[in-house]
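Step one of this worksheet: look at the structure below.
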Amino acid sequence: MSRIGAIALAAAVVAALVLPHFLKGYGIYLISMWAVLSIAALGLNLTLGYAGQVSLAQGAFVGIGAYTVSLLLQAGWPFPIAFVAAAIVCFAVGWGLGYPALRVQHHYLAFVTLAFNTLIFLVLRNEEWLTHGIYGISGIMRPVLLGWSTAKPLAFYYFCFGMMTLVAAGLWWMIRSPWGRAFVALRENPIRALSLGLDTRRYTLMAFAIGSSLGGIAGALYAPLVQFIEPNSFALAMSFNLLLMVIVGGSGYFFGPFLGALIAVLLPEWLRVTEGYYLIVYAAAIMAMMVVCPTGLFGLVERAARALRTKRAPPAAAPALQTDRTRP
């Protein structure tokens, strides 16, 4: 990371820690939602941006995590155990969902994951004996951890921010480990990766499983944040919204999901001054941005930095004419 990037990261962390003290309740709720959705977007970025596996089911895993935590809390389980259970359940389901990726790729895989998202939504809506159906689950309590209550909005934000930081640190290490290089090789050329001895089958399943478990962690935080969940919250719209976060921020860029989630959470709120037209303006702004920078905002920054370096570089000197002195 460059010096400028390190300074920008430090400034962003300081702002994330200090800014909530100057916000009211709804503002704290929005930045808490940003922290939660950033975790889910990080998982999707691992699956899509690094491993190259198209998934439109991340919203379903957020729902699985949210319902797992909520049901276990209602059954009297402590939050830490319910939290870990949500991550494990999503890891196992994500591993199973990875098997179709061994047979189909690209848009065919997108259709498979889209069908899975629809299946999970129908289960959440119709299986009232398990999920309470359209009535949802209310009264989800925020946890008390080692005597520290997160019931207040500011305390729960710092809890979400701390979990996001831990997840990001673990993912940063993973991407720079041999696992991360294997994921990138799987994205760039799976046939070449296989010829070099890489177990593409295992890494494909791991990409889905780890990305899905991060979706489950996000869901485990989403449920106590909103304190009421119902099936429509985890319909296809959430999966598309998470995909938008990854693409807008920059697919395959580590910090892309953070920026994409921030835009997806805050921009619609800022555009509410346009009243009934805010969704139209929001959609038009996203389409215009995709035309200008299809690689996302971090891709645009990288392209601008490359152009600046090229402009500052001194021009190459013209090669001097060689004189053959052996000729008469």
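The values are calculated or read from the model by the stated rules, or taken from the named source; none is laboratory data. Note that the structure is a prediction, hence the values are computed from the model and not measured. We place every Cβ from the backbone using ideal geometry, glycine too, and count neighbours over all the protein chains shown.
Would you point out which residue out of Tyr99, Tyr67 is in contact (Cβ under 8 Å) with a residue 60 or more places away in the chain, more than 29 Å from Leu225 (Cα to Cα) and part of a helix (DSSP H, G or I)? Full working, then the answer.
On the way: Tyr67 fails: more than 29 Å from Leu225 (Cα to Cα).
The conditions single out Tyr99.
Taking Asn45 and the conditions (1) surrounded by fewer than 22 Cβ atoms within 10 Å (Cβ to Cβ); (2) farther than 25 Å from Ile81 by Cβ, which numbered condition does it fall short on, given that it satisfies the others?
Among (1) surrounded by fewer than 22 Cβ atoms within 10 Å (Cβ to Cβ); (2) farther than 25 Å from Ile81 by Cβ, the lone unmet condition for Asn45 is (1).
I'd like to know if the range 73-94 contains one or more residues that are in contact (Cβ under 8 Å) with a residue 40 or more places away in the chain, closer than 28 Å to Ile191 by Cα and buried (at least 24 other Cβ atoms within 10 Å of the Cβ).
Yes; the residues of the range 73-94 include at least one that is in contact (Cβ under 8 Å) with a residue 40 or more places away in the chain, closer than 28 Å to Ile191 by Cα and buried (at least 24 other Cβ atoms within 10 Å of the Cβ).
Run Val123 past the list (1) touching a Pro at 6+ places or on another chain (Cβ under 9 Å); (2) in contact (Cβ under 8 Å) with a residue 40 or more places away in the chain; (3) under 25 Å from Gly76 (Cα atoms) and report the number of the one that doesn't hold.
For Val123, the exception is condition (2).
I'd like the full set of residues that are over 23 Å from Gln58 (Cα atoms) and in contact with a Phe, Trp or Tyr (Cβ under 8 Å, 6 or more places away or on another chain), limited to the range 249-298.
Leu271, Arg272
Can you give me the number of residues within the range 28-52 that are hydroxyl-bearing (Ser, Thr, Tyr) and closer than 11 Å to Met164 by Cα?
Here the count works out to 2.
Within the range 143-155, is even one residue touching a residue at least 60 places away in the same chain (Cβ under 8 Å), hydrophobic (A, V, I, L, M, F, W, C) and buried (at least 17 other Cβ atoms within 10 Å of the Cβ)?
No, that holds for no residue.
For (1) among the aliphatic types (A, V, I, L, M); (2) modelled with pLDDT under 85; (3) in contact with a strand residue (DSSP E or B) (Cβ under 8 Å, 6 or more places away or on another chain), each residue gets a yes or a no:
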{"site": "Ala168", "(1), (2), (3)": "yes, no, no"}
{"site": "Trp173", "(1), (2), (3)": "no, no, no"}
{"site": "Trp179", "(1), (2), (3)": "no, no, no"}
{"site": "Ala182", "(1), (2), (3)": "yes, no, no"}
{"site": "Ala185", "(1), (2), (3)": "yes, no, no"}
{"site": "Pro190", "(1), (2), (3)": "no, yes, no"}
{"site": "Leu196", "(1), (2), (3)": "yes, yes, no"}
{"site": "Arg201", "(1), (2), (3)": "no, no, no"}
{"site": "Leu205", "(1), (2), (3)": "yes, no, no"}
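Going through Leu30, Leu56, Leu46 one at a time, which residue ends up being touching a Phe, Trp or Tyr at 6+ places or on another chain (Cβ under 9 Å) and either assigned to a helix (DSSP H, G or I) or over 17 Å from Asn232 (Cα atoms) (or both)?
Leu46
Looking at the range 267-288 only, could you name the residues that are among the aromatic types (Phe, Trp, Tyr) and under 20 Å from Ile31 (Cβ atoms)?
Once the filter is applied, which keeps residues that are among the aromatic types (Phe, Trp, Tyr) and under 20 Å from Ile31 (Cβ atoms), the range 267-288 yields Trp270, Tyr278, Tyr282.
Need the failing condition index for Leu243 against (1) within 15 Å of Val62 (Cα to Cα); (2) hydrophobic (A, V, I, L, M, F, W, C); (3) surrounded by fewer than 18 Cβ atoms within 10 Å (Cβ to Cβ), just the number.
(3)
Applying the selection to the range 201-214, what residues are buried (at least 19 other Cβ atoms within 10 Å of the Cβ) and under 16 Å from Arg103 (Cβ atoms)?
Tyr203, Thr204, Leu205, Ala207, Phe208, listed by residue number.
For the range 14-27, which residues satisfy the criterion of being surrounded by fewer than 12 Cβ atoms within 10 Å (Cβ to Cβ), part of a helix (DSSP H, G or I) and either without any contact (Cβ under 8 Å) to a residue 40 or more places away in the chain or among the polar types (S, T, N, Q) (or both)?
Answer for the range 14-27, where residues must be surrounded by fewer than 12 Cβ atoms within 10 Å (Cβ to Cβ), part of a helix (DSSP H, G or I) and either without any contact (Cβ under 8 Å) to a residue 40 or more places away in the chain or among the polar types (S, T, N, Q) (or both): Val14, Ala15, Val18, Phe22, Tyr26.
Run down Ile134, Ile140, Ile120 and say which single residue is touching a strand residue (DSSP E or B) at 6+ places or on another chain (Cβ under 8 Å) and over 13 Å from Thr204 (Cα atoms).
Values: Ile134 fails: touching a strand residue (DSSP E or B) at 6+ places or on another chain (Cβ under 8 Å); Ile120 fails: touching a strand residue (DSSP E or B) at 6+ places or on another chain (Cβ under 8 Å).
So the residue among Ile134, Ile140, Ile120 that is touching a strand residue (DSSP E or B) at 6+ places or on another chain (Cβ under 8 Å) and over 13 Å from Thr204 (Cα atoms) is Ile140.
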